[in-house]
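Q: Here it is, the structure, as structure tokens.
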Amino acid sequence: MTIFTIGFTRKSAETFFGTLQEAGVRRLIDIRLNNSSQLAGFTKKDDLAYFTKAICGIEYLHLLDLAPTAEVLDPYRNDKKHGWATFEKQFLHLLKSRRVEETVPKRTLDGGCLLCSEETADHCHRRLVAEYFQEQWGPVRIRHL
């Protein structure tokens, strides 16, 4: 099983969609809490669903169960005293409480690519989601695109 991850920040549409195609991604799984902001550019929900199908021939899903809540995300974004370690702990607790390893089918994630905005996966919840499933399900290959 392979789970891909990608962020769209500092990527052109050509680079973004080309990367998905070259990697062999089967579905794009949007795990952003807010995916309709004007700041999202070509990755606004309705546009992205169209583009992934038309350009890459892949499915688009928005899975809010894999997104942080505003109560977890906002303090991290808005207050530097709430650092990454606090966000990580709260978000992993949220995933566990949602029992996502039981509610999200493995077939949905296998060959799927978790999408968020962060340029790299280092301090992004998409990495935490992928690693959480790896821990819960056993052998899962993670590829950050």
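Rule-based calculations on the coordinates, nothing more; no lab input. These numbers come from a predicted model, not from an experiment. Cβ sites come from the backbone with ideal geometry, for glycine too, and all protein chains shown count toward neighbours.
Q: If each of W84 and E135 carries a label point 7 Å out from its Cα toward its Cβ, how far apart are those two points in nm?
A: 1.6
Q: Could you give the nm distance between label points at L33 and R99, where each point is 7 Å from its Cα heading toward the beta carbon?
A: About 2.4 nm, to one decimal.
Q: Residues with amide H under 5 Å of E119's amide H, sequence separation 5 or more or different chain, H placed in the peptide plane at 1.01 Å from N; which?
A: For E119, whose amide H was placed from the backbone, the distant partners under 5 Å are T9.
Q: Karplus couplings for the range 109-122 from phi (6.51 cos²θ - 1.76 cosθ + 1.60, θ = phi - 60°), rounded to Hz, Gly and Pro as x?
A: 8, 5, x, x, 10, 6, 10, 9, 8, 4, 4, 10, 7, 3
Q: Can you compute the helix-only [θ] at 222 nm over the chain? Use -39500 (n - 2.57) per DSSP H run of at least 4 residues, normalise by all residues, nearest 500 deg cm²/dmol.
A: -12500 deg cm²/dmol
Q: A further question follows. Round to the nearest 0.05 the FRET efficiency obtained for R77 and Q21 when R0 = 35 Å and r is the Cβ-Cβ distance.
A: Values: r = 31 Å, r/R0 = 0.89.
Step by step, r from the Cβ atoms, then E = 0.65.
Q: Give the distance, in whole Å, between the Cα centre of the range 98-145 and the Cα centre of the range 1-52.
A: After rounding, the separation between the Cα centres reads 15 Å.
Q: Short version: what are the Cα gyration tensor semi-axes of the chain, square root of 5 times each eigenvalue, largest first, in whole Å? Please report the intermediate quantities before stating the final value.
A: Details: eigenvalues 105, 72, 34 Å².
They are 23, 19, 13 Å, listed largest first.
Q: Which pairs, out of K53/K106; K44/K89; K45/K89; K11/K45, put more than 23 Å between their alpha-carbon atoms? Let's see the in-between values first.
A: On the way: K53/K106 21 Å; K44/K89 28 Å; K45/K89 28 Å; K11/K45 17 Å.
Check vs 23 Å cut-off fails for K44/K89; K45/K89.
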